[in-house]
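Below is one structure, written out as structure tokens; comments come after it.
The values are calculated or read from the model by the stated rules, or taken from the named source; none is laboratory data. Nothing here was measured: the structure is a model prediction, and the numbers come from that model. As a convention, Cβ positions derive from the backbone with ideal geometry for all residues, glycine included, and neighbour counts pool all protein chains shown.
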């Protein structure tokens, strides 16, 4: 594993309602000349299982699969303009166990924030079907820009995930996940 360098970046993970496991959405899609995507991988760059698939409502270029995250997982961000890509690979260094002091409820696709004391937030969120959030620290470990990678060898390790991110970012009005672990089919007897 490559040593961390650079300045850590802060981001926010949502917590699943019942178990409060930190998670992120695989999301994104393409438009006529632009697009963006976020793909989540495990610590080896492989797809992870989703705990929830968005199957109703507006999905074009939005959230598609809710994926639990852990320390040392990776987030791949891809964006393009006329297929000139910028790709960033982040490693999740730390996920705070503390819940943020606000819960988020999505009403008609727009976030509504509710501030409550930290000790109450989990119970309040569970009772009212809201999502709790917590902070996480990310390190940018590789970047593709202007046709070049910072580290070609590291990019090769994530080749399949990077291709999935590029495919998702160019998938016109994408409505489904591109890089999740498939559920195992039941055994046929």
Reported set for region 42-64 where residues are buried (at least 17 other Cβ atoms within 10 Å of the Cβ) and over 13 Å from residue 177 (Cα atoms) is 42, 45
List the strands (runs of 3 or more DSSP E) that sit entirely inside region 69-172 and contain at least 1 residues that are touching a strand residue (DSSP E or B) at 6+ places or on another chain (Cβ under 8 Å), modelled with pLDDT under 95 and buried (at least 18 other Cβ atoms within 10 Å of the Cβ). 74-81, 84-95, 102-107, 132-145
Scan region 5-13 and give yes if some residue there is modelled with pLDDT of 75 or more, under 22 Å from residue 169 (Cβ atoms) and either buried (at least 17 other Cβ atoms within 10 Å of the Cβ) or more than 12 Å from the chain's Cα centre (by Cα) (or both), otherwise no. yes
